[in-house]
Structure formats: structure tokens, C-alpha cells
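The values are calculated or read from the model by the stated rules, or taken from the named source; none is laboratory data. Fair warning: this is a prediction, and the values are worked out from it, not measured in the lab. Heads up, the Cβs are rebuilt from the backbone with ideal geometry, glycines too, and the neighbour counts pull from every protein chain shown.
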Amino acid sequence: MCVGNDLSSGISFYAHFSRVAPDPAVWEGVLCLHLANGDILVSRSFASSRTRDLADAGAISFRCVEPCQTWRLRFDGMARRVTTKRLAVGLHTDGPVEPLRMDITARAVLPPWSAGSIVGQDFGHMHTEQAMQLDGAVTIAGLTTNFSARGFRDHSRGFRDHSKLAREGWSFGFTPSGKVYFGVRIWQDDGPGFTAGMLFDGKTIHDVSAMEVPPVTSPSGDPREVQISLGGDFGTVTVSGQVTAATPFTLLHPIGQALGVDVDDPAATMLVEGPLVFEWDDERGYGWLERLARIRDLPR
């Protein structure tokens, strides 16, 4: 996964790759690109690739250029222009498309963070995160816009079963002074919960051992005003912010990520992705918030 939020251009994106069971050579690639006018360009594609350094789903690919240092994200294909309102009322439908090109180089700004060996979790048995500097360009309808922002890439390994996940919150953020946070908290049906993350105070990387994040209450990403708290040997840090856009997905069971929300299935697992702006110690920062919930658990 590679995620970035560029305040200067008003463009933010979420790109996710996963192997498709039962053939691990087949990749699924999904992209949501939030635009400054509120529109979203989305794509979901599949392709077979046996190259070890490349996640390749056809239109979209993510290549390791130098391990733990440099990656390249590319999209060259057609995307569908939608809105949050449209995706929030049902699964994504086919229709008119338009050309989209992205070419983003991701360079490490901090060493990779790892949760180590993970036991008893339905999202995988290994998970890493890394803060990155993302630079490149996005071309829509022949108009090219430069993209430059801090972001994150993450990677999980092991069998994943979305049907066992009850709730989740994942967030990262950067400030102009150089502070960085990342945190994830997962609730599942069986077995223990999972909380992990890191906080960089400008000098030292600290482990995060506690996280509080408000649950998502609608396919539109409500509440948009949020407070996220992280705890560890540094004490407690709370960032207060606003989710400025939202793209809802349906996580298929056991694996797969469909655009839009299957609101008619109470057992459906909903994932909402969106860029975040926040205040942290009197600094205005930017980042991302991801939240998961089941349709049956949403307020009526």
C-alpha cells in the first residue's frame, strides 16, 4: 500500500495491492485519487505477475527500486470519476472512464518500522510501515500537476480473512517541524485485538502501545471531525483534525477490495479511506485516516 496527501495541489491518493486467492501470481490493484474539487478518480484492476520486486495489476504497479529505500508507483490507464455520495449508496458500477497517469517516486525518510512476528491475527502474520517522501506527477485529461508530499507505505504478509475483522483504525501524520506518527488498532471476532505504531518526536522513534480512534459511523466517513490519541513511553499524544474527503470500499470475504459499499448486506465489511488535516502541539499537520466497520454495526 502507498498513501499520500499533498495539500498544495489538493490531490491525495490511496493505492492498495493484494494477491488474489487461490493464485498468488494474480494481483489486485485499487486506486482512489481525491481531487481538489471533491471528485474522486477510481480504478480496480487485475493482472498476473511473477516478478518478485513488482506488484503489478495491469494499469497500476508498485516496484521496489532499492529495498527499504526507494519505490515507484505508476498508473497508466483509465479511471472512473465518481463522488463519495455515489460510492456510499452501493457498489461501484461501470460507466464512462477517462485517461489517468501517475508516476510517483517514494523515498524513505525514516527506517522501516516492523511489528515483528504477529500471532493470532486475521490480517496477517507480519506487518511493516515506513514514512516516505513522495514526488512525481499526476496527469488528468492532458493536464499535468506536480505531486509532492510525505506519505506512508505499508506491507503485510500472511493469510488474510476480512470476514473476521470487526473494526479497525489506521492513521498517520506529519508536521512541518518533522514529527511523525503512525498507529493501527484492530478488533476481531476471535482472538486478541492488535494495537501498534510509532511516534517520531524529531529525534527518537518511540513505539506506540495504545491508540484511541473514533469508529466510522457511515459510508460517507462520518464523523469527519476526529480526535486520535496515541500512548507509549512518551505519554499520550492527541491530534485533533478533519477528514477532508472519503472513499468507501467493501472488503470482500475472505479477500478482495471492491469500490463502493454493499449497503444491502448486513455482514459486509466496509472500509473508508480519507486524507486528514490536524493540529498537533499548535502545528498544523497532514496525513490519513482509515477506518473499518461492518454494515450491521453502523448506527441506524
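Of all the listed residues (CYS32, CYS2), the sole one being in contact with an Asp or Glu (Cβ under 7 Å, 6 or more places away or on another chain) and of a type outside the set (Gly, Ala, Ser) is CYS32. Here VAL119 meets the list (1) touching a strand residue (DSSP E or B) at 6+ places or on another chain (Cβ under 7 Å); (2) over 30 Å from SER218 (Cα atoms); (3) of a type in the set (A, V, I, L, M, F, W, C) almost entirely, failing just condition (1). Checking each residue in the range 43-71 for being assigned to a strand (DSSP E or B), of a type in the set (A, V, I, L, M, F, W, C) and under 22 Å from GLN257 (Cα atoms) picks out PHE46, ALA47, LEU54, ALA55, ILE60, PHE62. Under the condition of being modelled with pLDDT of 95 or more and part of a loop (DSSP other than H, G, I, E, B), the residues counted in the range 282-298 number 1.
For every residue, the table says whether it meets (1) buried (at least 21 other Cβ atoms within 10 Å of the Cβ); (2) of a type in the set (Lys, Arg); (3) touching a strand residue (DSSP E or B) at 6+ places or on another chain (Cβ under 7 Å).
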site: PHE13; (1), (2), (3): yes, no, yes
site: HIS16; (1), (2), (3): yes, no, yes
site: ALA47; (1), (2), (3): no, no, yes
site: SER61; (1), (2), (3): yes, no, yes
site: ARG80; (1), (2), (3): no, yes, yes
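Which number in (1) without any contact (Cβ under 8 Å) to a residue 40 or more places away in the chain; (2) under 22 Å from LEU7 (Cβ atoms) marks the one condition that SER229 misses? Of everything listed in (1) without any contact (Cβ under 8 Å) to a residue 40 or more places away in the chain; (2) under 22 Å from LEU7 (Cβ atoms), SER229 misses just condition (2).
So that you can scan it fast, the table gives a plain yes or no per residue for (1) closer than 26 Å to GLU283 by Cβ; (2) of a type outside the set (Asp, Glu):
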{"site": "ALA210", "(1), (2)": "yes, yes"}
{"site": "ASP233", "(1), (2)": "yes, no"}
{"site": "VAL243", "(1), (2)": "yes, yes"}
{"site": "THR250", "(1), (2)": "no, yes"}
